[in-house]
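Trainee: If you scroll down you'll find the structure; I have some questions about it.
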Amino acid sequence: MRMRKRFRSLVVATSAVLLSVSLVACGPEYWPSSEEEPSASPGASPSPSTLEETLPKPSITVSQFERVLEETRATIAQADEERDTSVLEARVGGSVLETRGANYEALAGDDSVEPASGIPDGEVQLVLPQQNESWPRHVLAVVGWQDESQVPQALIFEQVSARSDFKLVYQVYLQVGIQLPELAASQVGAPVIAGDSSLTMLPPSQVPGAYADIMTTGEKADHYGAFAAEPDELREGLGYEHKQKNYVDNKDFELIDFEFSNDRGSSPVISFSTKDGGALVAGSFTESTEFELTEDGVSVTLSDSRSGMRALLGGEEKIESDIRRVDEYQVLVYVPPAPRDGEEPGQIEMLGYNAAIVKAEEIG
């Protein structure tokens, strides 16, 4: 979906908010494509069983995961020091690789750009592997910091084949005060949920696109009522109401047309079943924002350097052409089970998120 607004009077856009806050896009069809819809893993959800020995084995043990985590910490620390994406590729993939690589590019042009966060250095608080004896395999972990004032991160790793290493494909910040649903023990693991499963309130593969639509169109979104509005720091900070107030209705931008679009992100949709029959779903999506200057002589002042947008545009403080900015979002949500006859449906709850710029360019 595209949103456009034209204004009349000449005002030069100078707000730093324009640079540090991404404008979220919409996609009512949730990025239709001829490609097969991504899913957590091939195959249907297994039939419930209380006999642990009949279940598929967890994709990784806790001790194995701890070794993966240490190797990933070391790899990212080395890559951060050298600002070398090729070093990252050994242990990082998907959206994490895309956003961190863009961060290195921006830092190369401007040392004042805010570096991407490292992997938490504290204790592993939770390990949830998928029950999966085939590939791809996934594992989710919650890891804290030695500095307990920092919020823990949820990390999701993917192993695409038997000969591949587990790679970090999601790195999200958990919201303060959230409570995870009841999950299986690490030695048992979580059954696989297919991307098109009807066992959850919304099929996992549709969750990222549905959420992106809400961020852009608010109450007009098809699945607006399916998502809990609170607590949702991402929607509150960057959602529809924020954009209306700070951009669409902002007189500082009276000579700018805004066009928003979105697409799938770099990480696959990954799902972990919960004990109540719901799912933890991780998804990623990109948001593209075009700033079209509607009259000659109008310029955008790039007064904020920490976001990386100015560095990715070559370091110039003023731009007199149209601009495209692309941000990548990672979200982790809880999706309740599909309601039975007569039951009231639950709501999808935001658990954690991450957002970072991946591209900025002059267009037109």
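Trainee: Aspartates and glutamates near LYS167 by alpha-carbon distance under 19 Å, same-chain residues fewer than 8 away left out - which ones?
Mentor: Partners within reach: GLU66, GLU70, GLU71, ASP80, ASP84, GLU89, GLU98, ASP121, GLU133, GLU158, GLU328.
Trainee: Can you give me the solvent accessible area of ASP84 with a 1.4 Å probe, rounded to the nearest 10 Å²?
Mentor: About 50 Å², rounded to the nearest 10.
Trainee: Determine the relative contact order of the chain: mean sequence separation of Cα pairs under 8 Å and six or more apart, normalised by residue count, in whole percent.
Mentor: So the answer I get is 26 percent.
Trainee: When Lys and Arg each count +1 and Asp and Glu each count -1, what net charge do the other residues less than 15 Å away from VAL143, Cβ to Cβ, add up to?
Mentor: Local charge sum for VAL143: -4.
Trainee: Taking the chain as a Gaussian network, Cα atoms linked when under 10 Å apart, which of ARG83, ARG67, ARG310 shows the biggest mean-square fluctuation?
Mentor: ARG67
Trainee: Distance between Cα centroids, the stretch 182-248 to the stretch 73-140: provide it in whole Å.
Mentor: Going from one Cα centre to the other spans 24 Å.
Trainee: Rounded to the nearest 500, what is the 222 nm mean residue ellipticity of the chain from helices alone, with -39500 (n - 2.57) per DSSP H run of 4+ residues and division by all residues?
Mentor: Calculated mean residue ellipticity at 222 nm is -5500 deg cm²/dmol.
Trainee: Okay, next question. Taking only pairs that are 8 or more places apart or on different chains, how many Lys pairs in the stretch 200-336 have Cα atoms under 26 angstrom apart?
Mentor: Working: LYS220/LYS243; LYS220/LYS245; LYS220/LYS251; LYS243/LYS251; LYS243/LYS318; LYS245/LYS318; LYS251/LYS318.
Value for the stretch 200-336: 7.
Trainee: Ok, one more. Return the single residue from SER164, SER271, SER307 with maximal mean-square fluctuation; model: Gaussian network over the chain, springs between Cα atoms under 10 Å.
Mentor: So, out of SER164, SER271, SER307, the one fluctuating most is SER164.
Trainee: In addition: First obtain the Kirkwood hydrodynamic radius of the chain from its Cα pairs, then insert it into the Stokes-Einstein equation at 4 °C and 1.567 mPa s, and state the resulting D in µm² per second as a whole number.
Mentor: Values: Rh = 21.4 Å.
Diffusion coefficient, whole number: 61 µm²/s.
The values are calculated or read from the model by the stated rules, or taken from the named source; none is laboratory data. Just so you know, these numbers come straight off a predicted model, no measurement behind them. We place every Cβ from the backbone using ideal geometry, glycine too, and count neighbours over all the protein chains shown. SASA here: full protein model, heavy atoms, side chains in, ligands and nucleic acids out. Shrake-Rupley method; radii C 1.70, N 1.55, O 1.52, S 1.80 Å.
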